[in-house]
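Peer 1: Quick one: the structure is below, and I'll ask about it shortly.
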Amino acid sequence: MIAERAEALRQRIAQACGRCGRDPDRVELLPVSKRQPVAALREAAALGFSRFGENYVQEAVAKHGQLPELSFNLIGPLQRNKVRLALEHFQEIQTVDGVELGARLRRIAEELQVQRGLWIQVDLWNEASKEGGCGEDDIGPILSEVRPSARLDFRGFMAIPPPAQPSAFPELAALRERWQQKLGQPLRLSIGMSSDLEAAITAGSDQVRIGTALFGARDQPI
Ligand SMILES: *Cc1c(COP(=O)(O)O)cnc(C)c1O
């Protein structure tokens, strides 16, 4: 089942890349395994996936315990009291959206002596949603906290734009471009999910985060 869905996804990604002249190998398919059983992650791992996106720290810690060979990216909101646990179990944290959170990640990453990738989650549409994300004005202050640390590698921007906002993806592409210029380093863009990966790839996404289109419905108990 997962194998067939993975193949269909590869074709969707290849077609989207073909239409805009991009190399499909430059678009990462990140399986999002929240509320999927460990067996589903095993099945995906057997197909060659080794990095998984998870939304809930506790759930991912449990899965990491059973599947220590896999690596996990946090794509859900991070509460301050879970920063240590998150740094112990996630290779990358994709939802940094505040200066305080950035400072805390830095302090604890240095204490634990772990090397981690960080992404800033942006919300340019002032949704103030439970999904998290910060405005562009917050990016500079957050980077001042995390970039000086040799323990933290700033990778780029992640976003969950509102579904009915076609301009969102190009706006994010422009934001990435501005910050690449400013910082003089290549930055990644993580946008696109099961339903809108084509538009995200057209806008230049480097990573699509795919849950249901790979694993099926999330009806499993946590
Ligand atoms: C759940 C989730 C996804 C995957 O969503 P699907 O629509 O199931 O592909 C991607 N990104 C984030 C941040 C999510 O929470």
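The values are calculated or read from the model by the stated rules, or taken from the named source; none is laboratory data. Quick caveat: nothing in here was measured; it's all calculated off a predicted structure. We place every Cβ from the backbone using ideal geometry, glycine too, and count neighbours over all the protein chains shown.
Peer 1: Could you please give the count of residues in segment 195-216 that are within 9 Å of the ligand (Cβ to nearest atom) and surrounded by fewer than 20 Cβ atoms within 10 Å (Cβ to Cβ)? Let's see the steps before the verdict.
Peer 2: From segment 195-216, those within 9 Å of the ligand (Cβ to nearest atom) are 195-197, 208-215; that's our starting set.
When the remaining residues are screened for being surrounded by fewer than 20 Cβ atoms within 10 Å (Cβ to Cβ), the result is 195-196, 212-213.
The qualifying residues number 4.
Peer 1: Next question. Tell me which residues, restricted to segment 158-184, are of a type in the set (S, T, N, Q) and free of Cβ contacts under 8 Å to residues at least 12 places away in the same chain. Show your work before the answer.
Peer 2: From segment 158-184, those of a type in the set (S, T, N, Q) are 165, 167, 180-181; that's our starting set.
The answer is SER167, GLN180, GLN181.
Peer 1: Can you tell me which residues in segment 73-93 are of a type in the set (Val, Ile, Thr) and within 12 Å of the ligand (Cβ to nearest atom)?
Peer 2: Within segment 73-93, the first condition is being of a type in the set (Val, Ile, Thr), and the residues that meet it are 75, 83, 93.
Hit for segment 73-93 is ILE75, nothing else.
Peer 1: Can you tell me how many residues in segment 17-27 are in contact (Cβ under 8 Å) with a residue 12 or more places away in the chain and part of a helix (DSSP H, G or I)? Before you say what the answer is, go through the steps one by one.
Peer 2: To start, the set of residues in segment 17-27 that are in contact (Cβ under 8 Å) with a residue 12 or more places away in the chain comprises 17, 19-20, 22, 24, 26-27.
Checking which are part of a helix (DSSP H, G or I) leaves us with 17, 19-20, 24, 26.
The total comes to 5.
Peer 1: Okay, next question. Looking only at residues in segment 98-119 that are crowded, with 22+ Cβ neighbours inside 10 Å and under 19 Å from LYS130 (Cα atoms), which one is nearest to the chain's Cα centre (by Cα)?
Peer 2: TRP119
Peer 1: Quick one: would you say ALA62 is aliphatic (A, V, I, L, M), within 22 Å of ASP153 (Cα to Cα) and surrounded by fewer than 19 Cβ atoms within 10 Å (Cβ to Cβ)? Before the answer, list the steps.
Peer 2: Values: aliphatic (A, V, I, L, M): yes; within 22 Å of ASP153 (Cα to Cα): no; surrounded by fewer than 19 Cβ atoms within 10 Å (Cβ to Cβ): yes.
No.
Peer 1: Another question about this same structure. Output the residues belonging to segment 178-194 that are at positive phi and within 16 Å of the ligand (Cβ to nearest atom). Let's see the steps before the verdict.
Peer 2: Keep residues of segment 178-194 that are at positive phi, which gives 184, 192.
Residue satisfying the conditions is GLY192 alone.
Peer 1: Right, next: Just to check your reading of the model, which residue among ARG35, ARG12, ARG51 is touching a residue at least 40 places away in the same chain (Cβ under 8 Å) and on the phi > 0 side of the Ramachandran plot? Working first, answer last.
Peer 2: Numbers: ARG12 fails: on the phi > 0 side of the Ramachandran plot; ARG51 fails: on the phi > 0 side of the Ramachandran plot.
Result: ARG35 is the single residue among ARG35, ARG12, ARG51 that is touching a residue at least 40 places away in the same chain (Cβ under 8 Å) and on the phi > 0 side of the Ramachandran plot.
Peer 1: Given the condition more than 30 Å from GLN36 (Cα to Cα), touching a Gly at 6+ places or on another chain (Cβ under 9 Å), surrounded by 13 or more Cβ atoms within 10 Å (Cβ to Cβ) and aromatic (Phe, Trp, Tyr), answer yes or no: does some residue in segment 141-157 qualify? Even if it seems obvious, please write down each step before you answer.
Peer 2: Start the filter on segment 141-157 by keeping residues that are more than 30 Å from GLN36 (Cα to Cα), which leaves 141-151.
Then drop every residue that is not touching a Gly at 6+ places or on another chain (Cβ under 9 Å), which leaves 141-146.
Filter again for surrounded by 13 or more Cβ atoms within 10 Å (Cβ to Cβ), leaving 141-143, 145-146.
Narrowing further to those that are aromatic (Phe, Trp, Tyr): none.
No: segment 141-157 contains no residue that is more than 30 Å from GLN36 (Cα to Cα), touching a Gly at 6+ places or on another chain (Cβ under 9 Å), surrounded by 13 or more Cβ atoms within 10 Å (Cβ to Cβ) and aromatic (Phe, Trp, Tyr).
Peer 1: Follow-up question, since we're still on this one. Which fully enclosed strands (runs of 3 or more DSSP E) of segment 28-124 have 1 or more residues being charged (D, E, K, R) and in contact with a strand residue (DSSP E or B) (Cβ under 7 Å, 6 or more places away or on another chain)? If you could, list the steps in order and put the result at the bottom.
Peer 2: Numbers: elements: 28-31, 51-54, 71-74, 92-96, 116-122.
Correct list: 28-31, 51-54, 92-96, 116-122.
Peer 1: Looking at VAL32, VAL27, VAL61, which is the one that is more than 16 Å from the ligand (Cβ to nearest atom), β-branched (Val, Ile, Thr) and either touching a helix residue (DSSP H, G or I) at 6+ places or on another chain (Cβ under 9 Å) or modelled with pLDDT under 95 (or both)?
Peer 2: Working: VAL32 fails: more than 16 Å from the ligand (Cβ to nearest atom); VAL27 fails: more than 16 Å from the ligand (Cβ to nearest atom).
Among VAL32, VAL27, VAL61, only VAL61 is more than 16 Å from the ligand (Cβ to nearest atom), β-branched (Val, Ile, Thr) and either touching a helix residue (DSSP H, G or I) at 6+ places or on another chain (Cβ under 9 Å) or modelled with pLDDT under 95 (or both).
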